[in-house]
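Undergrad: One structure is given below, represented as structure tokens, and several questions about it will come after.
The values are calculated or read from the model by the stated rules, or taken from the named source; none is laboratory data. All values derive from a computational prediction rather than experimental measurement. Every residue, glycine as well, gets a Cβ built from its backbone with ideal geometry; the counts of neighbours run over all protein chains shown. Surface areas here come from the heavy atoms of the whole protein model, side chains and all, with no ligands, DNA or RNA. Shrake-Rupley method; radii C 1.70, N 1.55, O 1.52, S 1.80 Å.
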Amino acid sequence: MIAFPCAKINLGLNIVSRRQDGYHNLQTVFWPIQLCDALEIKTMHEAFPSAAPCDLKVTGNDVACNEEDNLVTRAYRMLAADHELPRVHAHLYKNIPSQAGLGGGSSDASYMIRLLDNRFRLNLGNSVLESYAARLGADCPFFISAEPAYAEGIGEVLSPVNVHKSMLDSTIVVVKPAVAISTREAFSMITPTCPERCCRDIVALPVTEWRQAGLSNDFEKSAFSLYPELADIKRTLYDMGAAYAQMSGSGSSIFGLFMGDTDADRISHVFGDCRTFVLSGDQTPKSM
């Protein structure tokens, strides 16, 4: 059985307070995009000589990882602790850039949970799957349904969101430079504050009004001071006609939303030293 874990972008991201447990409360809108990894599982033959019950192979881009401690492997072990699962072979093909603010690792883990639930007919239901996913990462529950959502708490409290229909007509350009930003480092430089207007309310406006309405990502200030090239990418996206541009998550990817026709070849040429993806705003991922 195979699935295609999708990436996400954040439409606004504000860190509103620090919690007693050391984490931060945030407000953000998760939007799934059709930039995907591929994840396949097969039941392992009983005679196959593997010491690991989940035999994971990772290929593709950004594959430098500890396969035994990969979030996909951890997802298997977590479910296997509560449910009788056979040993499996898992193949993860990485296409979503790592340390990019796109949620690739979290998506892989959540889709693994979904694959195991479907393949072995655990019939756990989305609420239970989301509770499992939350144990692996704050944004993992979002990827269980992978539908646009407003998130609060540390990112795990999800509710429906009304994003203006113009988002579906946009072209999403995602630019990933050769910059890696640690999430821990990013949070360490944040001073929490409540925005004047919640991102949930701003995204109900047409995309062309988001910039003026104050949609923002609180991580940009510190990230741009450390890596000025990120600010240059955002500025270039606006110069090329983006209606809105922002860093996703804690970085380092920058996305631009273009209304109307977009010259993908020109964009790829301008950002030649970066990984660049040109995606349709209406390509919301399929459930499996």
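Undergrad: Which of the GluC sites (Glu not before Pro) found in region 119-227 are loop residues per DSSP with 15 or fewer other Cβ atoms within 10 Å of their Cβ?
TA: Qualifying residues, ordered by number: GLU196.
Undergrad: Still on this structure: Treat every Asp and Glu Cβ in region 189-288 as -1 and every Lys and Arg Cβ as +1, leave all other atoms uncharged, and give the resulting dipole magnitude about the Cα centre to the nearest 20 debye.
TA: My answer is approximately 240 debye.
Undergrad: Moving on to the next point. Can you pull the accessible area of TRP31 for me, 1.4 Å probe, Å² to the nearest 10?
TA: So the heavy atoms of TRP31 present about 10 Å² to solvent.
Undergrad: Tell me which residues come under 5 Å, amide H to amide H, from ALA149 once H is placed; ignore anything under 5 positions away on its chain.
TA: Answer set, sorted by chain and number: PHE30.
Undergrad: Can you return the lysines within cross-link range of LYS221? Criterion is Cα-Cα under 17 Å, with same-chain partners fewer than 8 residues away left out.
TA: Within the straight-line cut-off, LYS221 pairs with LYS234.
Undergrad: What are the radius of gyration and Dmax of the chain, computed over its Cα atoms and given in Å?
TA: 19.0, 63
Undergrad: In Å, what Rg and Dmax follow from the Cα atoms of region 41-122?
TA: Cα radius of gyration and Dmax of region 41-122 are 12.7, 41 Å respectively.
Undergrad: Note down the net charge around LEU205, summing +1 for each Lys or Arg and -1 for each Asp or Glu among other residues with Cβ under 15 Å from its Cβ.
TA: Its environment carries a net charge of 0.
Undergrad: Further, regarding this structure: Where the only charges are on Cβ atoms (+1 Lys, Arg; -1 Asp, Glu), what is the dipole of region 112-170 about its Cα centre, to the nearest 20 debye?
TA: With only Lys, Arg, Asp and Glu charged at Cβ, the dipole is about 280 debye.
Undergrad: Between LEU35 and residues 5 or more places away or on another chain, which pairs have amide H atoms under 5 Å apart, with H built 1.01 Å from N, and which residues are they?
TA: Under 5 Å from the amide H of LEU35: ALA7.
Undergrad: Is there a quick way to get the dipole size of the chain? I mean about its Cα centre, with the Cβ of Lys and Arg at +1 and of Asp and Glu at -1; what is the value in debye to the nearest 20?
TA: The dipole of the chain has a size of about 220 debye.
Undergrad: Then there is this: Straight distance only, please: which lysines reach the Cα of LYS57 with their own Cα at less than 18 Å, same-chain residues fewer than 8 apart left out?
TA: Straight-distance partners of LYS57: LYS42, LYS94.
Undergrad: Note down the Stokes-Einstein diffusion coefficient of region 121-210 in µm²/s, whole number, using a Kirkwood radius over alpha carbon pairs, 20 °C, and 1.002 mPa s.
TA: Approximately 134 µm²/s, per Stokes-Einstein.
Undergrad: On to the next question. With a 1.4 Å probe and every protein chain left in place, work out the accessible area per residue of the chain in Å², rounded to a whole number.
TA: That works out to 46 Å² per residue.
Undergrad: Where the centroid of each part is defined by its Cα atoms, how far is region 224-283 from region 91-111 in Å?
TA: 20
Undergrad: Roughly to the nearest percent, how much of the accessible area of the chain is carbon and sulfur, given a 1.4 Å probe?
TA: Its accessible area is 46 percent carbon and sulfur atoms.
Undergrad: Considering only THR43, ILE33, SER98, whose Cα is most displaced toward the positive end of the charge dipole of region 7-139, charges sitting on Cβ of Lys, Arg (+1) and Asp, Glu (-1)?
TA: In region 7-139, that residue is ILE33.
Undergrad: Multiply the residue gap between LYS57 and LYS42 by 0.36 nm, knock off their C-alpha separation, and tell me the result in nm, one decimal place.
TA: 4.2 nm
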